[in-house]
Every structure is written in C-alpha cells, then in structure tokens.
There are 2 protein chains.
Amino acid sequence: MGEDLEKFFVNVKPARILVELNNQFSENYPSKISGEVDATYSHTVRIIHRLEGYGLVESHKDGRKKLLELTDDGTEVARKCSELLTELEKKEED
Amino acid sequence: MGEDLEKFFVNVKPARILVELNNQFSENYPSKISGEVDATYSHTVRIIHRLEGYGLVESHKDGRKKLLELTDDGTEVARKCSELLTELEKKEED
C-alpha cells in the first residue's frame, strides 16, 4: 500500500525532486535529478520551472549545464516534505 | 500563490481532514469534518473510508453518529502533514 499511501497525501514527483535537491551535496542539474526521481526529463524540467517560480529553487548557468540550488525557503519545504514522506514510507513497511 | 503552492505538493483534502481530526479535542464525525475542511459530505466520507483502510483512522458507532478517531499512526502522519502545510502557508504570506 506504500506508493499508494504516499500518492494519497503527496504529489510525489514535486516533493521528491525537492528532497533530492536537498540530499545531494554534489552538483545538481535537471537530467541527473530526473534519473534519481524516475521522472522523464521534460516532466522534471516542467516541475523545476514551477519550483523556480515559487522561489524554492534557483538555477545558474555553468557552460551548457544548468545548475540547480535550493533557496532557503526551498530547503525548509524540502525538509518538511522529507519528514512526511519518511513517515508514510514507514507505514508502508509495517 | 498559496493555495496553488499547497496543491503543487499536497493532496489538500486528505491532508486537511487528517490535520482536522488531530486538532479537534471534541467529538469528530463526518458531517462536522466536512464543514471544517470545506469538502462535500460524500467526498469527505470517501476520504475517511480510505483513511480507515490505511489504518490511520478508526470509527465507532455512537447511536446514529459515527465518531472518528486517529490511530497512533494517523496521529504521526497528521503531525507531519500539519508541519508541511504550515510551512507552505508561511510562504503564501510572504
């Protein structure tokens, strides 16, 4: 029931992308994140655009790469998403 | 952008119903909760059935009323939902 339980409460891809950006200490760019959250590249890019619009993510050009970083607001929301997802995953294992 | 931001991350009605059940110290029953979260009665009842199925809510008959209570698991998930919603509402006020 786990995946199902998560989906009942959370929009899983946006939440996971934010959490992933918070967990990774190395460079983040859209194609890497899309692999990590198992979303298509174009879906990931669309979500990242919205996260930028909300002021939760910032991007910087590094040559041809687009490097992504959480803002302070993004970091706070990422933490709360992470805690909720962890709680729901615990239930899944019961 | 607040409501919109919440919806981007959270399935708002299920999360709010759980939070509402956690906040209320008086008796909870479906029609009361539906008023508090601004959902139709039938939508609220459907969500509550799923919450019962996930083991997050228990119900007891009290005459013609159906009294609702969070389980321990439900209380934990409700707290995490509440913290995330509060964080997202803060952004909305910025």
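Just a few scattered comments:
- Of all residues assigned to the stretch A:64-73, at least one qualifies as being assigned to a helix (DSSP H, G or I) and modelled with pLDDT of 95 or more.
- A:Gly35 vs. criteria more than 11 Å from the chain's Cα centre (by Cα), on the phi > 0 side of the Ramachandran plot and away from chain B (no Cβ under 12 Å): no
- Which listed residue, of B:Thr71, B:Thr75, B:Thr86, is within 11 Å of chain A (Cβ to nearest Cβ) and open to solvent by 50 Å² or more (accessible area, probe 1.4 Å): B:Thr86
- Of the residues screened, A:Ser59 is not one that is open to solvent by less than 70 Å² (accessible area, probe 1.4 Å), of a type in the set (S, T, N, Q), in a helix (DSSP H, G or I) and without any contact (Cβ under 8 Å) to a residue 60 or more places away in the chain.
- Positions within the stretch B:44-94 being more than 18 Å from A:Val77 (Cβ to Cβ) and acidic (Asp, Glu), in sequence order: B:Glu52, B:Glu58, B:Asp62, B:Glu69, B:Asp72, B:Asp73, B:Glu76
The values are calculated or read from the model by the stated rules, or taken from the named source; none is laboratory data. All values reported here derive from a predicted model rather than from experimental measurement. Note: ideal-geometry Cβ built from the backbone for every residue, glycine included; neighbour counts use all protein chains shown. With ligands, DNA and RNA removed, areas are computed over all heavy atoms of the protein, side chains included. Shrake-Rupley method; radii C 1.70, N 1.55, O 1.52, S 1.80 Å.
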